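Notes to accompany the following structure.
No value in this document is a laboratory result; all are computed from the given coordinates. Note that the structure is a prediction, hence the values are computed from the model and not measured. Every residue, glycine among them, receives a Cβ derived from its backbone with ideal geometry; neighbour counts consider all protein chains shown.
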Amino acid sequence: MKFALPTSVFLGAFLLFQVQPLVAKSILPWFGGAPAVWTTCMLFFQALLLGGYAYAHASTTKLTPRTQAVVQLALLALAAATLPILPSDASRPTGDEAPVPAILRVLASSIGLPYFALAGSGPLLQAWFARSRRGASPYRLYALSNAGSLLGLVGYPFAIEPWLSTRTQAWLWSASFVGFALLSALAVRAAWSTFGAPTATNTSLGAAPASPKPTWRQRASWTGLAATASALLLAVTNQMCQEVAVVPLLWVVPLALYLVTFVLCFESERWYSRSWNLPVLILSLTVLTQAAALGAKVGIWYGVPIYSLGLFVICMFCHGELAARRPGPEHLTGFYLTLALGGVLGGLFVALLAPLVFDGFDELYVVLFVVGLLALAFVWEPRAVRVAKRRTWHPALPALVAVVLIIGALFTMRMLVRSQPGSSETRNFFGILRVQDLPTPDGSGAMRYLTHGGTRHGQQYQDDARRREPTTYYGSSSGIGVLLGELASAPPLRVGLVGLGAGVIAAFGRPGDVYRYYEINPAVITIAKRDFTFLADSRATIEMVEGDARLALERERDRRFDVLVLDAFSSDAIPLHLLTVEAFELFLARLEPDGVLALHLTSRHLDLGPVVAGIAGELGLATIEITTPEDDSRALLDARWILVARSSAALERPRVAAAGRPLELAGKSPLVFTDDYSNLFAVLK
């Protein structure tokens, strides 16, 4: 049983980090699939980690070892009583709540107590290890803990998510938690005799003499380094998720790299050295600043590797400096508590403060600037030290000063450019919206654009003679244009539209038509009404529903549409919860018998055609695909539309049949996504 304690440390860390993508993925559909869902989840996990570390620190400093063990086992038993972990349908938001408090509430009710118990177990078990094996360094267990965390994270998108449903994953995790609790009981039994007399554990955790109590300067440096690494992790994850998809894979990659640096730096001193890290750090700061300046233009194939490598180098710097400053074993729980506090502060900055202060993703500039300042502080040497070393300055100092000035200058320029007329940015929980007035593609006049990250969500001619022309993905020859053109002679239509953008499709509205928009982002509604005139110019009656479309449609049981447009996939950060069997069953229930479901599936990195084909096959639906090329003379972009109906007769109308073709799968097999199962790898182009 001597291996029970280190095995418990490893398994606890494994469960602690595997549950993060599991639970976040399960609630993602409830909050519109926005990237900020993961950022908010990370803030929750960091805050609960801080709480767990505070509990461990208080336990080891205020309670006798045997009392600690009894309290810990009681906590694990209480947490096990709250299993399984998946949130119930009763926890789903109603659609009119502020998303951040709602996410925190759902997480607290579903995973709160088990996560808290696991968070406190790590430092507590390591403190017991130090007491039972005097002279052994507990920081090797810290590296083992991070290795368990890393395995839990990396294993999720590759070995768990593609093969198991979310519900099965939750039950397996819950069973594993019970196993961890039993293993912890064995660890307590094995170490019980070494706990000795009932004296506080702060009397001596190891055989070596007690090290000095950490000063406030030391604690400040621990907090600053931990906060910087945490903020960079979340800022980089935000950048990556905005332009690909809000999926566990792109949550896991940055977090795994973050943990790898912890493992390396605390496993051995040989992994980190300023001699190699500082030159690479300077290069990384320069390249990441360039990537931040390019924004969405950086692209996935350049952006993801660059952001990942930069994150790794900077976290090696932060965690390497932390490892070099770690205290003696008797101050272990206080050290972990300080690291957790820094993690929470970094999370608060990115998740809550930055969206209030910045219009764009400017927190990345701030974090890079702080990293540069920290590096400067560490290489700055007093004159007496420089004289003793017979050198003027540290060799890296001039380059660090230069890169810090560059970051500051680019950030200042970014602020100035944003304040110029003809351009505005709006940021909220759902991302950043940019409105710009630029020349038309053919240079014939002025055009107003609405973009979200690197994705165009609408554009409008500023010339009164052309401002009613449908543009972007919605020209008269596009899938939606052909369908609505075919129905132009029909009686007034009831059209439902999931996703508003600039409101371009409203240009097709006729007197008597009702166009009912479902838009989750209130800022999009404001911009479409304030900066564009498609809604005001439309001859149809315009209705607006704010909130997640799926939740709203579930409540509107008696509503029926002739056409239901799903225009929520043109960004590459797609809401997968709108592309499942259960979602399609809901959409069909809101359509007339001969109604048509029109899906806009233009995407640079994801091929969603096989998913539509799989769901259509599962439900016995007919499909047809209409693609149109870019046309600068009419301000049109490449567009892919797939029309779905209960029977082929609804898609055999002359104009639709002439413009369409069978659904193209490009050699891929049909896929069936459900609320309980999806696999991003299968739809990557």
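Table for the structure above
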item: Chain lengthening between E546 and S489 when straightened (0.36 nm per residue, less Cα-Cα); result: 17.5 nm
item: Alpha-carbon Rg with Dmax, taken over the range 560-685, Å; result: 14.1, 44
item: Largest to smallest principal axis extent of the C-alpha atoms in the range 1-107, angstrom; result: 49, 27, 24
item: About the Cα centre, charge dipole magnitude for the chain (Lys/Arg +1, Asp/Glu -1 at Cβ), debye; result: 3120 debye
item: Computed label-point distance, nm, for sites A536 and E425 using a 7 Å Cα→Cβ extension; result: 2.7 nm
item: Hydrodynamic radius (Kirkwood) for the range 60-123, which is based on Cα pairs only, to one decimal in Å; result: 13.6 Å
item: Where only alpha carbons of the range 475-683 are counted, the Rg and the Dmax (Å); result: 16.1, 45
item: Charge dipole (the range 1-199, unit charges on Cβ, about Cα centre) - positive-most of S26, A90, L15; result: L15
item: The range 530-656, dipole about Cα centre (Lys/Arg Cβ +1, Asp/Glu Cβ -1), debye to the nearest 20; result: 260 debye
item: For the range 519-619, diffusion coefficient by Stokes-Einstein and Kirkwood Rh (Cα), 4 °C, 1.567 mPa s, µm²/s; result: 86 µm²/s
item: Tilt relative to the chain, helix 332-348 - C-alpha long axis, 0 to 90 degrees, to 10; result: 20 degrees
item: Karplus-derived 3J(HN,Hα), 6.51/-1.76/1.60, for each residue of the range 492-502, Hz, glycine and proline x; result: x, 9, 9, 10, x, 10, 8, x, 9, x, 8
item: Degrees separating the helix 139-155 axis from the principal Cα axis of the chain, which is the longest one; result: 20 degrees
item: Pairs of Cα atoms farther than 37 Å apart, the chain, %; result: 44 percent
